[in-house]
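I have placed the structure first, in the form of structure tokens, so that the comments after it can refer back to it.
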Amino acid sequence: MAKLSELVDKIDTEVKEGNRKKALLMLDKLLEKVPDNKHLLTRKAKYEKEYGYEKRLISLEEKYGVASE
């Protein structure tokens, strides 16, 4: 099994690429193996919040269209 730090780096890479949903799924799987890890729980809360903003923004863009410059 890969080191915890390598897995976290992989999750962070997914987030940087804009794949927050995939990163959250990866975090959930990792938390099954390492429950109650403060750092992972904090990271998950942060990514969930960002994903919520992302979904809301997409929803608003669909509803009102993308603002043109």
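Given the criteria among the β-branched types (Val, Ile, Thr), open to solvent by 80 Å² or more (accessible area, probe 1.4 Å) and assigned to a helix (DSSP H, G or I), does Thr13 qualify? Before you say what the answer is, go through the steps one by one.
Details: among the β-branched types (Val, Ile, Thr): yes; open to solvent by 80 Å² or more (accessible area, probe 1.4 Å): no; assigned to a helix (DSSP H, G or I): yes.
No.
Take the residues in region 28-69 that are open to solvent by less than 100 Å² (accessible area, probe 1.4 Å) and not in a helix (DSSP H, G or I), then tell me which one is nearest to Leu7 (Cα to Cα).
Val34
The values are calculated or read from the model by the stated rules, or taken from the named source; none is laboratory data. Computed from a predicted model, the values in this text were never measured in an experiment. The area values use the complete protein model at the heavy-atom level, side chains included, leaving out ligands, DNA and RNA. Shrake-Rupley method; radii C 1.70, N 1.55, O 1.52, S 1.80 Å.
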